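Down below is the structure, laid out as structure tokens.
The values are calculated or read from the model by the stated rules, or taken from the named source; none is laboratory data. Values in this document were obtained by computation on a predicted structure and should not be read as measured data. Ideal geometry is used to build each Cβ from the backbone, glycine not excepted, and the neighbour counts take in all protein chains shown.
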Amino acid sequence: MGKYEVTQAQWRAVMTDNPNPSHVNTCGDACPVEHVSWNDVQEYIKRLNNQMGGKYRLPSEDEWFSACQAGKANVYCGSDDIDSVAWWYENSTSTTHPVSKQNPNVWQLYDMSGNVWEWTNSCYESDCAARVVRGGSWIGRPDSLRSAYRSWSYPYQRGFNLGFRLAQD
């Protein structure tokens with residue numbers, strides 16, 4: 001599992017013809033890329049794997065949840081104290097933040113709660129019309145950043161608070 005969400009710099013290095021889709025593009029290279037659809041992410045992964053000879057992919061919802069919990073049962077990914085692990089409505093100053101500035105969970109994974117929602121490869125319902133997103137975002141309230149909270153988005157949708165993290169086989 002990636003230590004943090006894919007950054008704007010990482011996106012640009014792969015997606016040269018779509019250099020920065022991010023709504024919050026003044027945040028800097030270390031900020032998570034956002035405003036990317038599930039479909040956009042699939043193209044990124046295809047290109048990254050071609051460049052790196054790797055086996056990168058989106059995590060399943062179960063993989064994401066397991067990584068978030070890291071063997072613990074905290075309310076948020078890595079802590080019961082939201083402010084120590086997440087950028088959210090009350091502390092974000094209405095924007096995304098550079099990755100890995102909050103405390104990680106015990107597996108050293110950063111920003112699994114807050115900053116940007118994260119696409120997973122899992123279907124929300126059996127027809128797969130929507131995909132599961134996890135983690136909440138910088139505009140979220142505490143309930144949407146809980147480890148157990150799940151939401152969804154259509155694969156073609158882009159959101160100013162929607163990014164992703166990679167897993168690797």
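Looking only at residues in the stretch 127-161 that are out of contact with any helix residue (DSSP H, G or I) (no Cβ under 7 Å at 6 or more places or on another chain), in a loop (DSSP other than H, G, I, E, B) and of a type in the set (Ser, Thr, Tyr), the one that is nearest to residue 31 (Cα to Cα) is 137.
Residue 73 falls short on exactly one of the conditions (1) surrounded by fewer than 18 Cβ atoms within 10 Å (Cβ to Cβ); (2) assigned to a helix (DSSP H, G or I), and that condition is (2). Residue-level check: of (1) outside any helix (DSSP H, G or I); (2) within 14 Å of residue 165 (Cα to Cα), residue 40 misses just (1).
Here is a yes/no grid of residues against (1) among the hydroxyl-bearing types (Ser, Thr, Tyr); (2) within 21 Å of residue 1 (Cβ to Cβ):
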site: 83; (1), (2): no, no
site: 98; (1), (2): no, yes
site: 112; (1), (2): no, yes
site: 126; (1), (2): yes, no
site: 139; (1), (2): no, no
site: 148; (1), (2): no, yes
site: 158; (1), (2): no, no
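With respect to residue 17, is the statement that it is over 21 Å from residue 109 (Cα atoms) and among the acidic types (Asp, Glu) true?
Details: over 21 Å from residue 109 (Cα atoms): yes; among the acidic types (Asp, Glu): yes.
So residue 17 passes the test.
Is it fair to say residue 120 is under 15 Å from residue 5 (Cβ atoms) and at pLDDT below 95?
Working: under 15 Å from residue 5 (Cβ atoms): yes; at pLDDT below 95: no.
So residue 120 fails the test.
So, residue 62, is that one under 20 Å from residue 144 (Cβ atoms), without any contact (Cβ under 8 Å) to a residue 40 or more places away in the chain and loosely packed, with under 14 Cβ neighbours inside 10 Å or not?
Values: under 20 Å from residue 144 (Cβ atoms): yes; without any contact (Cβ under 8 Å) to a residue 40 or more places away in the chain: no; loosely packed, with under 14 Cβ neighbours inside 10 Å: yes.
Judged against the criteria, residue 62 is not a match.
Of the set (1) touching a Ser or Thr at 6+ places or on another chain (Cβ under 9 Å); (2) assigned to a loop (DSSP other than H, G, I, E, B); (3) crowded, with 17+ Cβ neighbours inside 10 Å; (4) at negative phi, all apply to residue 68 but (2). Specify which of the listed residues (96, 120) is part of a strand (DSSP E or B), in contact (Cβ under 8 Å) with a residue 12 or more places away in the chain and closer than 23 Å to residue 45 by Cα. Unique residue meeting the criteria: 120.
Could you pull out the residue among 119, 88 that is more than 13 Å from the chain's Cα centre (by Cα) and within 24 Å of residue 8 (Cβ to Cβ)?
Matching residue, one of 119, 88: 88.
Of these, 140, 135, which one is under 15 Å from the mean Cα position of the chain (by Cα) and touching a residue at least 60 places away in the same chain (Cβ under 8 Å)? It would help to see each step written out before you state the result.
Details: 140 fails: touching a residue at least 60 places away in the same chain (Cβ under 8 Å).
Being under 15 Å from the mean Cα position of the chain (by Cα) and touching a residue at least 60 places away in the same chain (Cβ under 8 Å) holds for just one of 140, 135, which is 135.
Which residue out of 62, 29, 83, 17 is more than 30 Å from residue 125 (Cβ to Cβ) and in a helix (DSSP H, G or I)? Give the steps one after another, and end with the answer.
Values: 62 fails: more than 30 Å from residue 125 (Cβ to Cβ); 29 fails: in a helix (DSSP H, G or I); 17 fails: in a helix (DSSP H, G or I).
Going through 62, 29, 83, 17 in turn, the sole match is 83.
Being touching an Asp or Glu at 6+ places or on another chain (Cβ under 7 Å), modelled with pLDDT of 95 or more and more than 15 Å from residue 163 (Cβ to Cβ) holds for only one residue in 105, 50, 91, and it is 91.
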